[in-house]
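This report concerns only the one structure given below.
The values are calculated or read from the model by the stated rules, or taken from the named source; none is laboratory data. Keep in mind the model is a prediction, meaning the values are calculated, not measured. Here the Cβ positions follow ideal geometry from the backbone for every residue, glycine too, while neighbour counts run over all protein chains shown. For accessibility, only protein heavy atoms count, side chains too; no ligands or nucleic acids. Shrake-Rupley method; radii C 1.70, N 1.55, O 1.52, S 1.80 Å.
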Amino acid sequence: SIFGEVVSLVGRADELEELDEALARATEYLSPQMVLVQGDRGVGKSRLVSGWCEVLVGRPKEVRSYVGRAEEGDGDRELIGRLLRSRFGIEDENDDERAMAKLREQCQEVFEDRRMTEILHFLGAFMNLRVRDNPFLRVLEEDPAEHEKIAATVLRRFFEADSQRSPLVLVLENLHFADDASLDSIQQMGESFEGARIVLVAVARPKLRARRPGWGISEGDVTEIGLGPLP
């Protein structure tokens, strides 16, 4: 908006259609999609994606969208943590006890199970939230590689199960600032999703590919949208 007035999104009909088509493939064929929106600073990448998400809210079929935003100097998997905080509605100012209660309640709804200790441990770790001490989890923490492998599986399974309730659009803003661990986790997650109604929308400047030339290139469904200035 400018001076409090909403400014319409114009001149991006083809790009909006590409986003819609990716969502249709994910929804109709249970075929998870990744869309990489690239362009120089100020060209309108975020406006395109936020405008599309605004349109989705007004459609008859529910589609939920959540945003994780990378920041310059991010630490290990901070982007993943912000995406999960967006999904669970956990604000930074929430105290840990209240945040964990939100996490537990919503995970029980998604998995339809009240036994959530291990799930909460792994998802909570992305957000720097800890469950009560548990001997089994202590053993896993002594093997970082195994702990990381299970954490990645839990993250993937959560989003897969969540997408059965309604399709998900997971927006990853400023991906060129993301830490390497987050980039690895996102690519791995995107390539391993199965039967999920999920669209991963990665928004980045071209410097992402300069830094990680092979990122986002996989055998899965990947759509690249390059944005230039409006005429």
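In the set (1) outside any helix (DSSP H, G or I); (2) modelled with pLDDT of 90 or more, the condition left unmet by residue 214 is number (2). Consider residue 25 carefully, then state whether it is among the charged types (D, E, K, R) and in contact with a Ser or Thr (Cβ under 7 Å, 6 or more places away or on another chain). Answer is yes for this residue. One residue is enough: does the stretch 121-135 have a residue meeting the conditions farther than 22 Å from residue 191 by Cα, part of a loop (DSSP other than H, G, I, E, B), open to solvent by 80 Å² or more (accessible area, probe 1.4 Å) and without any contact (Cβ under 8 Å) to a residue 24 or more places away in the chain? Yes, there is a match, as at least one residue in the stretch 121-135 is farther than 22 Å from residue 191 by Cα, part of a loop (DSSP other than H, G, I, E, B), open to solvent by 80 Å² or more (accessible area, probe 1.4 Å) and without any contact (Cβ under 8 Å) to a residue 24 or more places away in the chain.
Taken together, 80, 90 contain a single residue that is open to solvent by less than 10 Å² (accessible area, probe 1.4 Å), touching a Ser or Thr at 6+ places or on another chain (Cβ under 7 Å) and in contact (Cβ under 8 Å) with a residue 24 or more places away in the chain, which is 80. In the stretch 27-49, the qualifying residues are those that are under 13 Å from residue 9 (Cα atoms), touching a residue at least 40 places away in the same chain (Cβ under 8 Å) and not aliphatic (A, V, I, L, M), and the one that is surrounded by the most Cβ atoms within 10 Å (Cβ to Cβ) is 45. Residues that are more than 21 Å from residue 50 (Cβ to Cβ) and surrounded by fewer than 23 Cβ atoms within 10 Å (Cβ to Cβ) are absent from the stretch 168-176.
Residue 72 meets each of the listed conditions (1) in contact with a Leu (Cβ under 9 Å, 6 or more places away or on another chain); (2) in contact (Cβ under 8 Å) with a residue 60 or more places away in the chain; (3) loosely packed, with under 15 Cβ neighbours inside 10 Å apart from (1).
The set of residues in the stretch 177-198 that are open to solvent by less than 10 Å² (accessible area, probe 1.4 Å) and over 13 Å from the mean Cα position of the chain (by Cα) contains only 196. Evaluating residue 110 against the criteria (1) open to solvent by 10 Å² or more (accessible area, probe 1.4 Å); (2) closer than 28 Å to residue 215 by Cβ; (3) in contact with an Asp or Glu (Cβ under 8 Å, 6 or more places away or on another chain) leaves one unmet condition, (2). Contact annotation: residue pairs with Cβ atoms under 9 Å, 6 or more positions apart or on different chains, pairing a residue in the stretch 156-177 that is polar (S, T, N, Q) with a partner that is outside any loop (DSSP other than H, G, I, E, B) and buried (at least 23 other Cβ atoms within 10 Å of the Cβ), are 163/26; 163/198; 174/79; 174/203; 174/204.
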